[in-house]
Amino acid sequence: MKTTLKHGLLGIPALLVALTAHATPAMCTGTYPQLPTRPAGSEAMPIMEPAFTQFQGASTPRPTYPGLGQLFWPGEPSNSGQQWCIGVIYSTAAQLNALDDAQLQRVAAGVAPAWESSRTYNAGDQVSYNSQIYKAKWWTQNEAPGNAYGAWEQQSNGSTGPQAWDSTRVYNTGDEAVFRASLYRAKWWTQGNQPGEDWGPWTLLGVAPATAPRPAGYQLQLIPGDSGLRLNYLSKPSFETVNYTVDAQCKVNAQSSWSNDNGSNTPPQKLEVLRDGQLIASISGNQFLTGLPRPIPPKPLLETLQAQVRNDDGSCRYADGALLLSWSGDTGASVSASIVLPAQSNSNFLSARACNSDSCRSTPLLWESALGGGGKRVLGY
């Protein structure tokens with residue numbers, strides 16, 4: 001089976017549910033969909049439900065498109081008790097978008113329990129607050145994190161290696177920080193003391209080492225085939241599209257938009273594929289194929305286009321709203337790869353992570369065991 005990945009798939013609707021007169025929703029009790037328990041070590045990860053259609057009877061065909069279902073974060077869905085439910089059939093194919101930076105920070109914050117004003121915290125306790133992780137410097141209660149001189153110190157943002165110096169953070173003896181492209185090491189406990197000060201608490205170690213950047217965004221498609229489940233990887237930079245239209249006054253207007261892609265034409269060092277947290281396959285090196293960028297024409301000048309929209313008698317050649325020209329900045333630059341995954345056995349979730357050294361960008365947990373199956377779902381959720 002040949003599968004072609006196209007840009008713009010990130011814009012597929014999250015839910016595809018068609019209600020018809022032939023299927024009447026019924027009352028049900030419980031929480032739906034009934035998601036499996038997240039594997040150990042992934043308790044803070046969101047779960048991606050496969051795309052689905054409504055069950056209409058035994059003859060309902062199974063969808064085969066690699067669409068997006070709903071993303072469930074820990075604690076969701078919260079709906080329970082009596083509610084309207086429908087039967088659904090899940091697609092045999094799936095799509096996974098890598099988590100963006102804000103979502104990765106949410107995962108990191110989810111590892112630590114949310115701060116509670118009524119709780120008492122001892123030195124070393126960690127909490128999440130406003131999507132950031134904080135560690136208690138001493139015993140505290142009812143003191144919200146965020147005060148630079150308070151009981152809490154903000155922790156690393158999840159990246160590896162020495163981080164940029166932060167005036168609000170507490171640094172202990174031996175901690176390292178980057179300031180103005182130089183690497184410093186703390187001589188003793190310090191907070192708010194800028195590196196580089198004479199007789200200050202920091203020792204200059206030299207030029208800051210280059211850190212491995214976290215890979216850019218990417219998209220995975222899982223397509224069933226005769227040889228098994230094929231995983232297609234695609235990372236593509238965002239590009240601009242400009243539509244030039246003519247209005248009722250025969251004036252040319254430009255409307256600019258950007259594609260939903262958020263990737264890169266630089267491959268990561270590796271892509272690891274996991275089932276229930278266990279490594280099952282990987283891609284690296286020349287397994288990644290880089291699409292070479294092609295030249296694109298320059299954007300047309302509005303003045304040039306404006307001179308072409310009127311007839312010799314001054315009347316407008318185009319109707320109001322007519323599309324005169326569409327310009328695309330898509331250079332074709334991208335990175336792709338494709339492998340066939342081992343057969344799925346008793347696992348529930350499939351996920352992946354693209355990494356440069358120890359800096360990684362993960363996907364949600366795909367509910368793989370639901371692919372091609374059926375279940376119940378709350379109506380309108």
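Scanning region 272-291 for residues that are free of Cβ contacts under 8 Å to residues at least 24 places away in the same chain and either under 16 Å from Val335 (Cβ atoms) or of a type in the set (Gly, Ala, Ser) (or both) yields Ser282, Ser284, Gly285, Asn286.
Being surrounded by 16 or more Cβ atoms within 10 Å (Cβ to Cβ) and of a type outside the set (A, V, I, L, M) holds for only one residue in Ser362, Ser357, and it is Ser362. Between Asp330, Asp312, the distinction of being surrounded by fewer than 16 Cβ atoms within 10 Å (Cβ to Cβ) and either acidic (Asp, Glu) or not assigned by TED's automatic domain parsing to the domain that holds Thr241 (or both) belongs to Asp312 only.
Residues in region 333-354 that are of a type in the set (A, V, I, L, M, F, W, C) and surrounded by fewer than 23 Cβ atoms within 10 Å (Cβ to Cβ): Ala333, Ala337, Ile339, Val340, Leu341, Ala343.
Only a single criterion out of (1) assigned to a loop (DSSP other than H, G, I, E, B); (2) touching a residue at least 24 places away in the same chain (Cβ under 8 Å) is not satisfied by Leu183, namely (1). Just so you know, in region 72-90 the residues that are in contact with a helix residue (DSSP H, G or I) (Cβ under 9 Å, 6 or more places away or on another chain) and modelled with pLDDT of 85 or more include one that is surrounded by the fewest Cβ atoms within 10 Å (Cβ to Cβ), and it is Trp73.
Specify which of the listed residues (Ser336, Ser347) is among the small types (Gly, Ala, Ser), part of a strand (DSSP E or B) and touching a strand residue (DSSP E or B) at 6+ places or on another chain (Cβ under 6 Å). Step through it out loud before you land on a result.
Values: Ser347 fails: part of a strand (DSSP E or B).
Only one candidate qualifies: Ser336.
When we screen Thr266, Thr290 for residues that are assigned to a loop (DSSP other than H, G, I, E, B) and among the polar types (S, T, N, Q), the only hit is Thr266. When Asp330, Asp313 are checked against the criterion of being under 23 Å from the mean Cα position of the chain (by Cα) and more than 24 Å from Leu274 (Cα to Cα), Asp330 stands alone in meeting it.
One residue stands out in region 160-180 among those that are of a type in the set (Val, Ile, Thr) and part of a loop (DSSP other than H, G, I, E, B): the one that is farthest from Leu205 (Cα to Cα), namely Thr168.
Filter region 251-301 down to the residues that are aliphatic (A, V, I, L, M) and more than 30 Å from Asn311 (Cβ to Cβ) and list them by number.
Going through region 251-301, the residues aliphatic (A, V, I, L, M) turn out to be 252, 254, 271, 273-274, 279-281, 283, 289, 292, 296, 301.
Correct list: Leu271, Val273, Leu274, Leu279, Ile280, Ala281, Ile283, Leu289, Leu292, Ile296.
Can you find, within region 39-58, the residue that is surrounded by the most Cβ atoms within 10 Å (Cβ to Cβ) among those that are part of a loop (DSSP other than H, G, I, E, B) and touching a Pro at 6+ places or on another chain (Cβ under 9 Å)?
First, pick out the residues of region 39-58 that are part of a loop (DSSP other than H, G, I, E, B): 39-46, 51, 55-58.
Narrowing the set further to residues that are touching a Pro at 6+ places or on another chain (Cβ under 9 Å) leaves 43-46, 51.
Working: Glu43: 12, Ala44: 16, Met45: 24, Pro46: 20, Ala51: 26.
This residue is Ala51.
Applying a threshold of 7 Å to beta carbon distances and a minimum spacing of six or more residues, or different chains, the list of pairs starting in region 230-257 at a residue that is within 24 Å of Arg294 (Cβ to Cβ) and in the same structural domain as Ser351 (by TED's automatic domain parsing) and ending at one that is surrounded by 15 or more Cβ atoms within 10 Å (Cβ to Cβ) and acidic (Asp, Glu) reads Lys236/Asp261; Pro237/Asp261; Ser238/Asp261; Phe239/Asp330. One residue is enough: does region 235-244 have a residue meeting the conditions charged (D, E, K, R), over 22 Å from Glu49 (Cα atoms), within 17 Å of the chain's Cα centre (by Cα) and surrounded by 15 or more Cβ atoms within 10 Å (Cβ to Cβ)? Within region 235-244, one or more residues are charged (D, E, K, R), over 22 Å from Glu49 (Cα atoms), within 17 Å of the chain's Cα centre (by Cα) and surrounded by 15 or more Cβ atoms within 10 Å (Cβ to Cβ). Tell me, please, whether a residue that is acidic (Asp, Glu) and surrounded by 14 or more Cβ atoms within 10 Å (Cβ to Cβ) can be found in region 213-227. No: zero hits.
The set of residues in region 350-381 that are within 27 Å of Gly285 (Cβ to Cβ) and out of contact with any Lys or Arg (no Cβ under 6 Å at 6 or more places or on another chain) comprises Ser351, Ala352, Arg353, Asn356, Ser357, Asp358, Thr363, Pro364, Leu365, Leu366, Glu368.
The values are calculated or read from the model by the stated rules, or taken from the named source; none is laboratory data. Here the structure is a predicted model, which means the values were calculated and not measured. We place every Cβ from the backbone using ideal geometry, glycine too, and count neighbours over all the protein chains shown.
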